[in-house]
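Only one structure is covered here, and it is reproduced in the block below.
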Amino acid sequence: MYRIIFYFLAINVLISCQNNSQEGTAPTIEFLSLSKNTIVQDVVGLNDSIDITIRFEDVNGDLGFLQGEAGGTKDVFMIDNRTGDKYQNFRLPHFPTQGASNGIEGEITFTILSACCVFPDGIPPCEAPTEFPTNEFTIGIYMKDRAGNQSNTVETSTITMICD
């Protein structure tokens, strides 16, 4: 009888260990802040910017690529929620392995440059129509680790773009 209970417990522990090792392999992120909530539209994108700060955690510790390492050049993706298109993408620095579990966590700030206002009714972007003085939008953010695991997607607070 004890032998059956022992085997049952041993199998249960093995299954639990296998499940736990598969959970949490994707990085997780949390939106923390914007440096400001307004930005002026700019065709070139060099006259105004906003800093976005996120918190990240990766239990596997495989964020960022070494210089010249295969796998990709960008690992943080920002999506303009007005259009669903890419806003800007970034490459994380390589993070050194820390501790036995190789997990890493921290905060990182990205500077995004201004872009163009987006208008309804076929008005071309980057114009300054008086009937649409501003655009309100958010940016969706996610990242991928070296294994290709995608994090959750977070959304910034509302940004107001001044269109004139």
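Computed from the coordinates by the stated procedures, all read-outs in this text should not be read as laboratory data. These numbers were taken from a predicted model, which means no experiment stands behind them. Virtual Cβ from ideal backbone geometry, glycine too; neighbours counted across all protein chains shown.
What is the list of residues in segment 32-47 whose amide nitrogen lies under 12 Å from a point 7 angstrom out from the Cα of T109, following Cα to Cβ?
33-36
Under a crude label model (7 Å from the Cα following the beta-carbon direction), how far is S35 from H94 in nanometres?
2.8 nm
Between L66 and E131, how high is the FRET efficiency from 1/(1 + (r/R0)^6) when r is the Cβ-Cβ distance and R₀ = 41 Å? Nearest 0.05.
0.20
How large is ³J(HN,Hα), in whole Hz, for each residue of segment 118-135 in order, when computed from phi with the Karplus curve 6.51 cos²θ - 1.76 cosθ + 1.60 and θ = phi - 60°, using x for Gly and Pro?
10, 10, x, 6, x, 5, x, x, 6, 7, 9, x, 5, 6, 10, x, 9, 10
Tabulate in residue order the Karplus-calculated ³J(HN,Hα) for segment 109-114, using 6.51 cos²θ - 1.76 cosθ + 1.60 with θ = phi - 60°, rounded to whole Hz; enter x for Gly and Pro.
Listing the rounded values in order: 10, 10, 9, 9, 8, 5 Hz.
Using 0.36 nm per residue, how much length does the chain from Q150 to D164 gain when fully extended, once their Cα-Cα distance is taken away?
My answer for the length gained is 1.3 nm.
Counting Lys +1, Arg +1, Asp -1, Glu -1, what net charge surrounds V40 among other residues with beta carbon under 9 Å of its beta carbon?
Summing Lys/Arg as +1 and Asp/Glu as -1 gives -3.
How far apart, in nm, are the 7 Å Cα→Cβ label points at K74 and R55?
2.7 nm
For segment 49-55, what does the Karplus curve 6.51 cos²θ - 1.76 cosθ + 1.60, with θ = phi - 60°, yield as ³J(HN,Hα) per residue in whole Hz, taken in order and with x for Gly and Pro?
Taking θ as phi minus 60°, the curve returns 7, 9, 9, 10, 10, 10, 9 Hz for segment 49-55.
Modelled label-to-label distance, N47 and K86, 7 Å Cα→beta-carbon offset: nm?
2.6 nm
One quarter of the convex hull surface, Cα atoms only: what value does that give for segment 102-164 in nm²? Please list the in-between numbers first.
On the way: hull surface 25.2 nm².
Convex hull of Cα atoms, orientation-averaged projection: 6.3 nm².
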